Structures are given as C-alpha cells and as structure tokens.
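The values are calculated or read from the model by the stated rules, or taken from the named source; none is laboratory data. Given the structure is predicted, the values throughout are model-derived calculations rather than measurements. Using ideal geometry, Cβ is built from the backbone for each residue, glycine included, and neighbour counts are taken over all protein chains shown. Remember, those area values only see protein heavy atoms, side chains included, never the ligands or the DNA or RNA. Shrake-Rupley method; radii C 1.70, N 1.55, O 1.52, S 1.80 Å.
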Amino acid sequence: MVKADDSTYDMGRRGAGWVKVKPVHTLDLVILAVERGNGRRSGWLSNIHLGPTDGYVIELRPEVVAEIAFDGVQTSPRYPAGLALRFARVVRHRTDKTASEADPIELVEALCQSWPRAQH
C-alpha cells in the first residue's frame, strides 16, 4: 500500500489517497494459439495460449514472442506444463526475439517454486 502525504489515516479503512501496489513480473513467451471470442468479445481473438521453450510437441509453428506481465504462478492441471500465470496480460510484441530466445520452462518452474504457498 502507498498513501498520499496529505491523506489521513482512518483505522480499518482505506482512504481515497491509498493505492494498493502489486509487483509486476514479466516473461517472454511464444504465442501458440488463440481462441475466437464470444459474447462481448465476439469478433476479437481471445484466450491467448502461451508457452515457454520446452520439450512438448507443438503442432503450430511457434514464431511470435510476446512479453507477458503477470501477478503470480500457480500449478494447474489444465495445461501440459502443469502451470498457469495469474492475471496474465500482453505487454508488447517482442519483434527483437525469435521463438528460440523465449524464456525456458525451467524459469517458469523456478518462479512457481519460489512463489508464496497461497498461490500454488
């Protein structure tokens, strides 16, 4: 939490001058696939499937690298690597990197191991 100098402190309350600050982490990951959006996302590409460089068979040509910001890493049975990023969002397209220069799966695994227990 950060507080404006002129903001008052009221016990048990957050004033308008208080802001919650979360650390931001980023990884450079390969875009593997996207899903077509539906509902209010109709007409947009949504749910980006991302991956680090790893040993899994990928049917697509992994060529595009994006910098991804996220708030945490957690285990997830939904994905082949067994991991998921919390609150992931695309920061920018990394035209300066090739897919072979994306962050390795070992880095994501290490981040997951070092994360607080509440996010596993």
Give me the percent of the accessible area of the chain that comes from carbon and sulfur atoms, probe 1.4 Å, all protein chains in place.
-> 52 percent
Set of aspartates and glutamates near K22 by C-alpha distance (under 17 Å), chain-local residues within fewer than 8 positions excluded = D71
Multiply the residue gap between E106 and D6 by 0.36 nm, knock off their C-alpha separation, and tell me the result in nm, one decimal place.
-> 31.5 nm
With each pseudo-label sitting 7 Å past Cα toward Cβ, what's the V19-T75 distance in nm, one decimal?
-> 3.7 nm
What value, in deg cm²/dmol to 500, does the helix sum -39500 (n - 2.57) over DSSP H runs of n ≥ 4 give at 222 nm once divided by the residues of the chain?
-> -2500 deg cm²/dmol
